[in-house]
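The values are calculated or read from the model by the stated rules, or taken from the named source; none is laboratory data. Quantities reported herein were computed from a predicted structural model and do not represent experimental measurements. Cβ sites come from the backbone with ideal geometry, for glycine too, and all protein chains shown count toward neighbours. Just so you know, the surface numbers come from the protein's heavy atoms only, side chains and all, with ligands and any DNA or RNA stripped out. Shrake-Rupley method; radii C 1.70, N 1.55, O 1.52, S 1.80 Å.
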Amino acid sequence: MKLKILITAGDGIGPEVTKEAVAVLKDVAAAGGHDFAFDEKRIGGVAIEQDGTPLPEETLKAALASDAVLLGAVGANKFNSLPPEKRPEVGLLNIRTELGGFANLRPAFAFKELAINSPLRPEIIEGADILFVRELLGGLYFGKPREWNRVTRESWNTMRYSYDEVARVARVAFKLAQGRRKKLTSVDKANVLEVSQLWRATVDEIAVEFPDVTLEHQLVDSMAMHLMNQPRNYDVVLTENLFGDILSDESAVITGSLGMLPSATIGGKVNLYEPVHGSAPDIAGKGLANPLGAILTGALILRYSAGLEAEAATVESAVRKVLEQGFRTPDLVRANSQGFTVLSTTEMGAKVRETMKTLLVGA
Ligand code: IPM
Ligand code: MG
């Protein structure tokens, strides 16, 4: 299997965590005789500083010429006062648009070993296994008009969707539900917003193509509550762009840490992979970052871009085993908990790879 992977590590903890994911992917390639080629380009704040733009032409060209892009994180405090169109985040939004992936898959899986980290009771989260499908190229993030008018002191953004944009992401979600527990929850605000009424009507129409999947609609406000009350009730959760951004961070409460969440964006020219967490500038460069979100994102590259399902599952098992053995990064340890071995970013990466080797040999 041949795969060209572009790394855009970006800002803050991005470089530290992607480094560990790359090391894991290299080991998988070596063990299975696969040919994975890695290239690296700038994006986000580092690109603004060195190239004058958050998404340099060279980065975009390399991304479009690769089979998969692994992005670390973008964003840094020093850009906080800039208007939205000048910020590092634009690099991320632009690469998403250019690569064209519209379905952002964000699995939120409650590792039993991390239940102690959640403020929710263990019996509530145990067994929770949700796959968010977040529409990534439309809605409030991209709708026009958008403006902050400093003279009239008004501002507006536009939540816009077309039938086709909803239909294509709904089909992805239904198909994924078919391969899982066959339940799809579509999230909207159809009691208030026309755009949500179109969303709901479209999802209902697409549902006819998938009679084996049970569809339910949830309003986003009550969904935010139900997610915490009964996370086990959900299988695939389909959302528009902003609702998915919010609910996927909320789901970090179920998994115990935002540092555990991976994501894959599919459906476009090149798949884009990114951990859900941000650049965490406060802990950058200190070896405190949790690389497991990035490593699990690497597993999604194996699953969705390389077609190596067994290898993807092996990486996920290795992560589980490392947690079972009591290894933790600082974000996974509560102040008063005992019996854990706290590892740095690189030590955690090495531990996963060491464990993975025993699994690959045993396979
Ligand atoms: C995410 C992030 C991004 C988003 C930001 C950094 C632009 O929060 O991937 O969830 O809002 O999509
Ligand atoms: Mg977010």
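For this structure, a couple of remarks:
- Each Lys or Arg adds one and each Asp or Glu takes one away; over the other residues whose Cβ falls under 12 Å from the Cβ of G72, this sums to -2.
- Mean residue ellipticity, 222 nm, helices only, the chain: the sum of -39500 (n - 2.57) across DSSP H runs of n ≥ 4, divided by residue count and rounded to 500, is -12500 deg cm²/dmol.
- The overall shape of region 105-258, judged from the alpha-carbon gyration tensor, is oblate: a/c is not under 1.5, and a/b is no greater than b/c.
- Under 21 Å from K183, Cα to Cα: lysines that are on another chain or at least 8 residues apart: K175
- Taking a straight line from the alpha carbon of K357, these lysines sit under 26 Å away, with near neighbours fewer than eight places off in the same chain left out: K2, K4, K19, K26, K112, K321.
- Once C-alpha pairs closer than 8 Å and six or more residues apart are averaged by separation and normalised to the residue number of the chain, the relative contact order reads 22 percent.
- In region 119-255, Cα pairs under 8 Å separated by at least six residues give a relative contact order of 39 percent.
- Under the Karplus curve 6.51 cos²θ - 1.76 cosθ + 1.60, θ = phi - 60°, whole-Hz ³J(HN,Hα) for region 213-228, x wherever Gly or Pro sits: 9, 7, 9, 10, 10, 10, 6, 4, 5, 6, 4, 4, 7, 4, 4, 7
- Looking at the chain alone, DSSP beta bridges between its own residues are antiparallel in about 35 percent of cases.
- Among beta bridges from DSSP that stay inside region 119-255, the antiparallel ones total about 25%.
- Accessible area (Å², per residue) of region 66-136, counting only protein heavy atoms and a probe of 1.4 Å: 38
- The alpha carbon gyration tensor of region 114-176 gives principal lengths a ≥ b ≥ c with a/c of 1.5 or higher and a/b no greater than b/c, which makes the shape oblate.
- For region 280-363, trypsin sites (Lys or Arg not before Pro) meeting the loop criterion (DSSP other than H, G, I, E, B) and having at most 15 other Cβ atoms within 10 Å: K286, R334.
- With at most 16 neighbouring Cβ atoms within 10 Å, loop GluC sites (Glu not before Pro) (DSSP) excluded, longest segment of the chain: 210-363
- Region 133-184 versus region 203-230: alpha-carbon centroid distance in Å: 16
- Percent carbon-and-sulfur accessible area, the chain, ignoring ligands, DNA and RNA, probe 1.4 Å: 52
- Computed with a 1.4 Å probe over protein heavy atoms only, the accessible area of M1 comes to about 90 Å².
- Radius 11 Å from Cβ of S248, net charge of other residues (Lys, Arg +1; Asp, Glu -1): -1
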